[in-house]
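The values are calculated or read from the model by the stated rules, or taken from the named source; none is laboratory data. This is a predicted model, so every value here is computed, not measured. We place every Cβ from the backbone using ideal geometry, glycine too, and count neighbours over all the protein chains shown. The area values use the complete protein model at the heavy-atom level, side chains included, leaving out ligands, DNA and RNA. Shrake-Rupley method; radii C 1.70, N 1.55, O 1.52, S 1.80 Å.
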Amino acid sequence: LAAAGMPFRDAYKKVGLDIEAGRFTPNKDIRHTHEGSIGNLCNDKISALMDNIISGFTFDKMETAEKRLLGR
């Protein structure tokens, strides 16, 4: 609706009312390609980034220091 020229606020409200009334049928022909969009979530890149960051933590040093501190 917004892409067709309706102000976003009006389109948002209309879609909400249509959903409540059971009249809304979503367009499932999605062609988004930008990173993070519904059609291109980039979960593999997010997982790789998370793994890379986690690998930089020195959990073994923390665990050793904790054991020494607690006398274990």
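If you go through region 51-66 and keep only what is open to solvent by 100 Å² or more (accessible area, probe 1.4 Å) and in a loop (DSSP other than H, G, I, E, B), you end up with just Phe57. Looking only at residues of region 8-24 that are touching a Leu at 6+ places or on another chain (Cβ under 9 Å) and not aromatic (Phe, Trp, Tyr), we find that the one that is most open to solvent (accessible area, probe 1.4 Å) is Arg23. Which one of Ala48, Ala2 is of a type in the set (Gly, Ala, Ser), in a loop (DSSP other than H, G, I, E, B), surrounded by 10 or more Cβ atoms within 10 Å (Cβ to Cβ) and out of contact with any Ser or Thr (no Cβ under 6 Å at 6 or more places or on another chain)? Answer to the selection: Ala2. Quick check: anything in region 12-30 among the charged types (D, E, K, R) and in contact with a Cys (Cβ under 6 Å, 6 or more places away or on another chain)? Looking through region 12-30, none of the residues is among the charged types (D, E, K, R) and in contact with a Cys (Cβ under 6 Å, 6 or more places away or on another chain).
Within region 25-45, the set of residues being in a helix (DSSP H, G or I) and open to solvent by 100 Å² or more (accessible area, probe 1.4 Å) comprises Asp44, Lys45.
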